[in-house]
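*Asks:* Sharing a structure below in structure tokens format, with a few things to ask.
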Amino acid sequence: MKCDEKETKQHRPFEPESPYVVICEGFHELGLVCALLKHLDIENCDVTYPKKVDGGNGKDAIGNVIQLLVGRMPSVVKGVLVVTDADDNPDKAFKEIKEKFCAPFPKPTSSFVIQKTNRYRSGVFLTPGNGKKGALEHLLLEAANEASPTSLNCIETLRNCTNTTLEWKSNKVAKMKLACYIATHCENDPCCSPAFIWTSKNRLFDPGSSVFSELANVLRNFVSDDGAANNA
């Protein structure tokens, strides 16, 4: 398993070493996916994300990374799974990502399902999960609520007290709440990025938590050799 590094000016294009590659929307998602792969003892899967060297950052540049992986075919990569945010419209998010897939990878027919042919496979996972709107932060807040629901109640009290975020969109509010949770629970680095809350010094959540089971199941299906499409 190979996980891409934080972007630098000297960053080089990602060179996959495994048959399966997860493309995350950003570096924060990469941190969670790599933590889950390690927890699941999955070693035949690499993880990367769009960088400027690939032609851009974020969701809009995911297609660039898929094209780059196609250029390394057929000797290395046999499957691509995209992990990205559902935002306010999961159906729209899926359709936009679906169109970024190109041959020989099959276009996914539905999110959370691994589409498999005889040789290749593809899939899309929308955070925070099936039937939900939002982003990675919403999923991590579910883990925070499992670990310390009282803390989130306090953060909500802070939000109401400051009276500055009541008109913010859901994704922005989730980012604020997660930042507050990290600041009050990560003694080693209260300003820790969500990408690094999985290290031994900054570990905030258990990757074995049931909160992450849906994504874990999709990852298992993605790298399995059963030869058939599977639901999460």
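*Asks:* Does anything in region 1-44 have its amide N under 20 Å from the 7 Å Cα→Cβ label point of Arg220, and if so which residues?
*Replies:* 1, 20-22, 32-44
*Asks:* Straight-line reach from Lys51: which aspartates and glutamates fall under 16 Å, measuring Cα to Cα and dropping same-chain residues less than 8 apart?
*Replies:* In chain and number order, the partners are Asp4, Glu5, Glu7, Glu15, Glu25, Glu29, Asp60.
*Asks:* Students often forget the sequence filter, so: which lysines lie under 17 Å Cα-Cα from Lys52 once same-chain residues fewer than 8 apart are removed?
*Replies:* Result set, ordered by chain and number: Lys6, Lys9.
*Asks:* What whole number of Å gives the distance from the Cα centroid of region 153-218 to the Cα centroid of region 47-100?
*Replies:* The distance from the Cα centre of region 47-100 to that of region 153-218 comes to 25 Å.
*Asks:* Describe numerically, in nm with one decimal, the distance between label points set 7 Å from Cα along Cα→Cβ at Asn130 and at Asn44.
*Replies:* Between Asn130 and Asn44, the label points sit 2.4 nm apart.
*Asks:* At most 16 other C-beta atoms within 10 Å and a DSSP loop state: those are the exposed GluC sites (Glu not before Pro) I care about. Give me the longest piece of the chain that has none. The partial results should precede the final answer.
*Replies:* Working: sites that count: Glu5, Glu7, Glu17, Glu43, Glu99, Glu167, Glu187.
Counting at most 16 other Cβ atoms within 10 Å as exposed, the longest clean stretch of the chain is 100-166.
*Asks:* Using the charge dipole of the chain (Lys, Arg: +1 at Cβ; Asp, Glu: -1 at Cβ; taken about the Cα centre), state which of Thr165, Val218, Ser111 has its Cα farthest towards the positive end.
*Replies:* Going by the charge dipole, the pick is Ser111.
*Asks:* While we're here: Counting DSSP beta bridges in the chain, what percent are antiparallel, to the nearest 5?
*Replies:* The antiparallel fraction comes to roughly 25 percent.
*Asks:* Per q in 0.10, 0.16 1/Å, what log10 I(q)/I(0) does a Debye calculation on the alpha-carbon atoms of the chain return?
*Replies:* Once normalised to I(0) and log-transformed, intensities are -0.45, -1.13.
*Asks:* When only Cα pairs under 8 Å and 6 or more residues apart are kept, what is the percent relative contact order across the chain?
*Replies:* For the chain, the relative contact order is 20 percent.
*Asks:* Sticking with this structure for a sec: Counting only helical runs of four or more DSSP H residues, what would the 222 nm mean residue ellipticity of the chain come to if each run contributes -39,500 (n - 2.57) and the total is spread over all its residues? It would help to have the intermediate numbers written out before the result.
*Replies:* Values: 7 runs with 84 residues, N = 232.
Result for the chain, helices only: -11000 deg cm²/dmol.
*Asks:* Ok, one more. Tell me which lysines have Cα within less than 22 Å of Lys177's Cα, excluding those fewer than 8 residues away on the same chain?
*Replies:* Once the sequence-local lysines are set aside, what remains near Lys177 is Lys132, Lys133, Lys169, Lys201.
*Asks:* Follow-up question, since we're still on this one. Given H placed 1.01 Å from N in the peptide plane, which residues other than close sequence neighbours of Phe125 have an amide H under 5 Å from its amide H?
*Replies:* Val82, Val83, Thr84, Phe112
Throughout, read-outs are computed from the coordinates displayed, never taken from laboratory work. The shown structure was predicted, so the numbers you read here are calculated from the model rather than taken from an experiment. Note: ideal-geometry Cβ built from the backbone for every residue, glycine included; neighbour counts use all protein chains shown.
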